[in-house]
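For reference, the structure is listed below as structure tokens.
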């Protein structure tokens, strides 16, 4: 019998696993010419999936899918959301302005994960077997500012993040825009020099890195 918890979920086409085969992304800001139909492709571009397996057998210790809510993703999301909810032009402009301002202040990820033992995946509780970090290619890392559990994902989460299922726990995880280095300097976690960054899940059961490669410019 097929275990539906482990079947890859399609976003029109299959999601890329981790960094293998995943497209490089651009952090360039500015206006986009997206339509509502663009959303699925943009979602795929900004979504990564990772697994950590037991040494014996193929059971997932953790299966995690995450979308980085970049400037580019947020623009496509608002266009799709505005059409679905039939927002007026002023309502759409207000929503877009608000979400793009948020993108300038923090790094946010939508995360859905499955763990063998549900308590191990409760990221806000002491029973969690996993710690989450945002890591850049200079090996600089930051811990989340907030981890917000989505206790009952509804139609919005299941529609716009279709890898959300009844077997997975969902979270919004936010990281600071800046970190303080050993020298005391404050630098951006993801700046113009970064060529990749990772959402890292680590703990006594292993490590799983979800990697976004970044194109120059």
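Worth pointing out:
- Checked against the criteria, residue 137 does not count as in contact with a helix residue (DSSP H, G or I) (Cβ under 7 Å, 6 or more places away or on another chain) and over 28 Å from residue 167 (Cβ atoms).
- All strands (runs of 3 or more DSSP E) inside segment 140-185 with 2 or more residues being without any contact (Cβ under 8 Å) to a residue 40 or more places away in the chain: 146-150, 178-180
- Members of segment 125-139 that are surrounded by 13 or more Cβ atoms within 10 Å (Cβ to Cβ) and free of Cβ contacts under 8 Å to residues at least 60 places away in the same chain: 138
- Residue within segment 181-203 that is in contact with a helix residue (DSSP H, G or I) (Cβ under 9 Å, 6 or more places away or on another chain), surrounded by 17 or more Cβ atoms within 10 Å (Cβ to Cβ) and closer than 24 Å to residue 80 by Cβ present: no
- Checked against (1) in contact with a helix residue (DSSP H, G or I) (Cβ under 9 Å, 6 or more places away or on another chain); (2) closer than 24 Å to residue 35 by Cα, residue 97 passes all but condition (1).
Coordinate-derived values only; no laboratory data. Being a predicted model, the structure only gives us computed values, none of them experimental. Reconstructed Cβ throughout: ideal geometry from the backbone, glycine too, with neighbour counts over all protein chains shown.
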